[in-house]
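Shown next, in structure tokens, is the structure this report addresses.
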Amino acid sequence: MRRDIVIIFAIIVENAWCADYEHVIKNGVQRIGFGSCNKQYKEQPMWDVVGKPDAWFWTGDVVYPNSSDVSALEAALQEQRERKEYVKFAKEISILDGTWDDHDLGINDAGKNTQDLERRLLAYVNFLRPYNNNREKREEKRARLAIERRGAYCSHLFTSTLKNEVVFILLDTRSFRDDHFIPSVGAMFRNIPIIGRFMPLVASATRLLAAFFTRIFNFQGDILGEDQWLWLEETLQNHSAQFVFIVSSIQFATSNPSFESWQHFPKAKRRFLQLLAHTKPNGLLLISGDVHHAEFSAQSKYLYSQTTTTTNNN
């Protein structure tokens, strides 16, 4: 029997300021949790395991809608928002935020060409709205920024009186992402009995082929979009943090081409590595979700990646 897996980072900071929407947490932050790949229609005993971190960040796939229709996505997000276990957990969290992944858009392997993308984004940021009145102004500004940017990316800066700083950067790897070299078939036939059950395997096969041809034909596809690239560079430059956590819903350092990852977009991956080499962030750790298991991997001896999961995908 597999246990639910949760990732909790214990970081001692006394004040928290969100770089994008200037919110100060006066009661202190000591524990920060991450999670992904949550099926809203299944039991969720993991919230008791997570306990009560001061902050929680979704790393993608909050829900799994039963169709690609926007109304199905909205219903799935509302179902998760009303889960008693989750409500109890979320009400006690000082900061609750996250970035989205393909199933939060309602379509497997989705990217910037997803129909009704802005409505899907609005549904996601509405899911993140507070249960407690003392967070309403911060979350209202968070939602406004997401709509203005047409993306879910943002950053948080936690500081202490000891002048220690920790930066959390949430990237949006969906809203501006080009199609794979071989466009995914992940969303095709998903509602057709029997055939639909095998489509994730077909999608994995096409991703494997896409990774192969991507290298041969020097694929130029992008992930973040120019506005987000410029924002990321500015965010990495404008702090002196001792630790930097960057959340990318898809994996960065994996060597498995059947999973969605940055290796399907080599130009974007090179640009990301060059940006890190230029800005030299301290104590860097990349955090991802997406793949329904937890792992720790390394791009080099200086660059590490943690894949997190909540997870109730048994």
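The values are calculated or read from the model by the stated rules, or taken from the named source; none is laboratory data. Keep in mind the model is a prediction, meaning the values are calculated, not measured. Cβ atoms come from the backbone with ideal geometry, glycine included; neighbour counts cover every protein chain shown. To get the accessible areas, we keep the full protein, side chains included, count just its heavy atoms, and leave off ligands, DNA and RNA. Shrake-Rupley method; radii C 1.70, N 1.55, O 1.52, S 1.80 Å.
Around Gln274, what is the net charge, scoring Lys/Arg as +1 and Asp/Glu as -1 over all other residues with Cβ under 11 Å from its Cβ? Neighbour charge sum, excluding Gln274 itself: +3. Under the simplified labelling scheme, the Arg119-Asn66 pair shows an inter-label distance of 2.0 nm, with each label point 7 Å from Cα along Cα→Cβ.
First check a/c for region 235-295, with a ≥ b ≥ c the square roots of the eigenvalues of its C-alpha gyration tensor; if it is under 1.5, answer rounded, and if not, answer prolate when a/b is larger than b/c or oblate otherwise. Oblate, since a/c reaches 1.5 and b/c is not below a/b. For region 238-299, the share of accessible area belonging to carbon and sulfur comes to 54 percent (1.4 Å probe, ligands and nucleic acids excluded). Ligands, DNA and RNA left out, the 1.4 Å accessible surface of region 52-157 is 43% carbon and sulfur atoms. Can you give the FRET efficiency to the nearest 0.05 for Glu79 and Leu230, using r as the Cβ-Cβ distance and R₀ = 30 Å? Rounded to the nearest 0.05, the efficiency is 0.25. Modelled label positions at Leu273 and Leu209, each set 7 Å beyond Cα in the direction of Cβ, lie 2.7 nm from each other. Pairs exceeding a 27 Å alpha-carbon distance, out of Lys141/Lys269; Lys39/Lys88; Lys91/Lys280; Lys52/Lys141: Lys141/Lys269; Lys91/Lys280. Computed from label points 7 Å out along Cα-Cβ, the spacing between Gln242 and Asn256 is 3.5 nm.
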